[in-house]
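The values are calculated or read from the model by the stated rules, or taken from the named source; none is laboratory data. Since the structure is predicted, the reported quantities are computational estimates derived from the model, not experimental observations. Because the Cβ atoms are built from the backbone with ideal geometry, glycine has one as well, and the counts that use them run over all protein chains shown.
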Amino acid sequence: SQQGEEDPQALSIQEGENATMNCSYKTSINNLQWYRQNSGRGLVHLILIRSNEREKHSGRLRVTLDTSKKSSSLLITASRAADTASYFCATADNFNKFYFGSGTKLNVKP
Amino acid sequence: DAGVTQSPTHLIKTRGQHVTLRCSPISGHKSVSWYQQVLGQGPQFIFQYYEKEERGRGNFPDRFSARQFPNYSSELNVNALLLGDSALYLCASSWGGRHTEAFFGQGTRLTVV
């Protein structure tokens with residue numbers, strides 16, 4: 001299966017700390033995208049990293065991709081209570097069909 | 001600019017009934033995909049349409065069908081509903097090419113009783 005799998009399943013930190021989530025996948029990918037989901041609502045797109053890229057930044061977000069290890073990480077710096085959500089990585093094939101893992105539940109305590 | 005819109009937002013149906021879910025993509029986007037998200041799990045791919053043609057289908061029974069209209073909006077139909085079809089159904093919109101972000105709607109919460 002091409003499905004991404006996030007690790008850890010749950011993460012609880014204090015406001016101001018950094019949060020790191022990891023994603024592993026099994027087959028070659030076209031790109032990998034990270035999404036946030038608040039309380040069972042729609043998915044919010046965070047960042048896209050192409051298979052030939054190693055690192056991307058967007059505001060407080062930093063994403064890395066290691067295609068040799070088939071893994072990616074999402075770092076959220078200086079976390080806020082509003083960052084509390086579930087985070088999913090999605091691997092995309094050549095037709096932009098996505099394969100999601102079960103997500104990481106992040107709880108940021110004020 | 002309007003994002004991806006889905007209707008209805010919530011729906012309660014009885015086992016054996018039929019349901020139609022609707023999605024309007026972002027203006028200019030030609031690809032629509034449907035995903036099912038069961039509570040506590042990640043979204044699972046159901047269908048993808050591009051330029052009104054089915055480009056991919058996930059591992060779902062034939063009770064699930066979809067189509068895309070000339071204005072690129074889409075419908076997902078589910079026949080003979082089962083309790084296990086209760087889920088959040090998400091629609092994703094994108095340009096359709098490689099390396100393009102997909103934007104999701106807020107979803108339709110379907111409860112089958």
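Just name the residue that is nearest to the chain's Cα centre (by Cα) out of those in the range B:12-43 that are in contact (Cβ under 8 Å) with a residue 60 or more places away in the chain and surrounded by fewer than 16 Cβ atoms within 10 Å (Cβ to Cβ).
Looking at the filtered set, the residue picked out is B:HIS18.
Could you check the range A:1-86 for strands (runs of 3 or more DSSP E) lying wholly inside it with 2 or more residues that are crowded, with 17+ Cβ neighbours inside 10 Å and within 12 Å of another protein chain (Cβ to nearest Cβ)?
Counting at least 2 such residues, we get A:5-7, A:31-37, A:43-50.
Considering B:LEU88, B:LEU110, B:LEU76, which residue is at the interface with another protein chain (Cβ under 7 Å from one of its Cβ atoms), at pLDDT 95 or above and not in a loop (DSSP other than H, G, I, E, B)? Lay out the reasoning, then the answer.
On the way: B:LEU110 fails: at the interface with another protein chain (Cβ under 7 Å from one of its Cβ atoms); B:LEU76 fails: at the interface with another protein chain (Cβ under 7 Å from one of its Cβ atoms).
When all the criteria are applied, what remains is B:LEU88.
Please determine whether any residue of the range A:9-19 is touching a Pro at 6+ places or on another chain (Cβ under 9 Å) and not aliphatic (A, V, I, L, M). Let's see the steps before the verdict.
If we filter the range A:9-19 for residues that are touching a Pro at 6+ places or on another chain (Cβ under 9 Å), which is where we start, we get A:14-15.
Checking which are not aliphatic (A, V, I, L, M) leaves us with A:14-15.
For the range A:9-19, residues touching a Pro at 6+ places or on another chain (Cβ under 9 Å) and not aliphatic (A, V, I, L, M): present.
Can A:TYR99 be described as part of a strand (DSSP E or B) and either of a type in the set (A, V, I, L, M) or within 11 Å of the chain's Cα centre (by Cα) (or both)?
No: the conditions fail for A:TYR99.
Restricting to the range A:70-110, and then to whatever is touching a residue at least 60 places away in the same chain (Cβ under 8 Å) and of a type in the set (Lys, Arg), can you tell me which residue is nearest to A:GLY16 (Cα to Cα)?
The qualifying residue nearest to A:GLY16 (Cα to Cα) is A:ARG80.
Among residues belonging to the range B:70-84 that are buried (at least 17 other Cβ atoms within 10 Å of the Cβ) and touching a residue at least 60 places away in the same chain (Cβ under 8 Å), point out the one that is nearest to B:PHE47 (Cα to Cα).
Once the filter is applied, the top-ranked residue is B:VAL78.
In this structure, is A:ALA78 modelled with pLDDT of 95 or more and under 30 Å from B:HIS10 (Cα atoms)?
In short, no.
Rundown of residues vs (1) free of Cβ contacts under 8 Å to residues at least 60 places away in the same chain; (2) of a type in the set (D, E, K, R), yes/no style:
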| site | (1), (2) |
| --- | --- |
| A:GLU5 | no, yes |
| A:GLN14 | no, no |
| A:LEU43 | yes, no |
| A:ARG50 | yes, yes |
| A:SER68 | yes, no |
